[in-house]
Amino acid sequence: MNKVYYAKKGLYVGITAIICAFYFFAPTLFTFKSSLIEQNGEIENLKTYYTQVEDSRGSKSIKSELKFTLNSTQSIYILMKNIGQSRYYERFEKLEKQLKKSERATVWIKKNQKEDYKPIVFQIADRNGKILYDFEESKSHSKFGFRISIGLGIFGIGLYLRHRYMKKSS
């Protein structure tokens, strides 16, 4: 077994995982409420979709998406969750019913995504201001991904450093 080879691979995996953590998960995770703006309007094209997805190893799972637009913007607002093998996601179905009943909504997005076609949704409220999808719920996916990526990064880099700088005890 070539320990040098695996130690170097650990370093590459570790660095890549840390870069991914900061590129993919940190922008959402480290967003503050003060950097969000409200988009208000009547809800249009509201629907929950279920799509079968396949990963690189051939495993199949179901992705649930709640999509809608507001009449006052050109954006499509999407909430997405991989729901495994289930064909029904109660959270999005309930949210869809609440939004249909409300007919109007307020959506919070980042200021710099105001003109984006598909901005990241951080919070949704109904016509009365009742929060239906909150800020913490939107960030929960990023917390998990960030922690896993950082952990993998630290492990990979630690593996390399341990191999490189630990004295051999004979």
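Values quoted throughout were computed directly from the atomic coordinates according to the rules given, and no laboratory measurement underlies them. Every value quoted in this text rests on a predicted model; they were computed, and no experiment measured them. Backbone-built Cβ (ideal geometry, glycine too); neighbour counts: all protein chains shown.
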### Query
Within region 95-107, can one find any residue that is in contact with a helix residue (DSSP H, G or I) (Cβ under 8 Å, 6 or more places away or on another chain) and surrounded by fewer than 14 Cβ atoms within 10 Å (Cβ to Cβ)?
no
### Message
For the structure I just gave you, tell me whether S75 is surrounded by fewer than 19 Cβ atoms within 10 Å (Cβ to Cβ), in contact (Cβ under 8 Å) with a residue 40 or more places away in the chain and within 16 Å of G41 (Cβ to Cβ).
### Response
no
### Query
Just for region 20-68: of the residues that are among the β-branched types (V, I, T) and touching a helix residue (DSSP H, G or I) at 6+ places or on another chain (Cβ under 8 Å), which one is surrounded by the fewest Cβ atoms within 10 Å (Cβ to Cβ)?
I37
### Task
Kindly indicate whether any position in region 1-17 is of a type in the set (F, W, Y), closer than 23 Å to N82 by Cα and exposed (fewer than 13 other Cβ atoms within 10 Å of the Cβ).
no
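Residue-wise test of (1) without any contact (Cβ under 8 Å) to a residue 12 or more places away in the chain; (2) among the small types (G, A, S); (3) out of contact with any Asp or Glu (no Cβ under 6 Å at 6 or more places or on another chain).
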residue: E54; (1), (2), (3): yes, no, yes
residue: G58; (1), (2), (3): yes, yes, yes
residue: L79; (1), (2), (3): no, no, yes
residue: N82; (1), (2), (3): no, no, yes
residue: S102; (1), (2), (3): no, yes, no
residue: T106; (1), (2), (3): no, no, no
residue: K114; (1), (2), (3): no, no, yes
residue: Y117; (1), (2), (3): no, no, yes
### Task
Scan region 21-36 for residues that are part of a helix (DSSP H, G or I) and either free of Cβ contacts under 8 Å to residues at least 24 places away in the same chain or touching a Leu at 6+ places or on another chain (Cβ under 9 Å) (or both) and jot them down.
A21, F22, Y23, P27, S34
### Of all residues in region 114-162 being part of a helix (DSSP H, G or I), among the small types (G, A, S) and over 15 Å from F30 (Cβ atoms), the one that is farthest from the chain's Cα centre (by Cα)
G158
